[in-house]
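Heads up, the thing below is written out as structure tokens.
The values are calculated or read from the model by the stated rules, or taken from the named source; none is laboratory data. Treat the numbers as computed from the prediction; the structure is a model and nothing was measured. When we count neighbours, we look across all protein chains shown, and the Cβ atoms used for this are built from the backbone with ideal geometry, even at glycine. Calculation scope for accessible area: heavy atoms of the full protein, side chains included, ligands and nucleic acids excluded. Shrake-Rupley method; radii C 1.70, N 1.55, O 1.52, S 1.80 Å.
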Amino acid sequence: MFEPYYRELQAYLTRQTRDAEIACDIAQESYVRVLCLHQAGEAIAEPRALLYRVAKNLLVDHIRRERFRDLDSLETVDEGDLLLATEDP
């Protein structure tokens, strides 16, 4: 039911993330979530649309985590390093 969309979804996610490994992870997680819904007896009228919606939501979550991680890494920068970086040469 969902298999025909895997390569298409993975290509889309690779374009969005610019990272084939991350795209593969998001695609697989999307499939797992949609498959769980299907196995739970949920009626899925538009499997491709649902798969893409789940993938887009996971992609947004991934981007948010990356931004948070970047901000978190700034907190570990030594204050002296920041002063040196802002001084004129």
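Could you list, in sequence order, the residues of region 30-59 that are loosely packed, with under 14 Cβ neighbours inside 10 Å and small (Gly, Ala, Ser)?
Those that are loosely packed, with under 14 Cβ neighbours inside 10 Å and small (Gly, Ala, Ser): Ala40, Gly41, Ala43, Ala45, Ala49.
Residues of region 15-29 being assigned to a loop (DSSP other than H, G, I, E, B) and either open to solvent by 60 Å² or more (accessible area, probe 1.4 Å) or more than 26 Å from Glu66 (Cβ to Cβ) (or both), which ones?
Correct list: Arg18 only.
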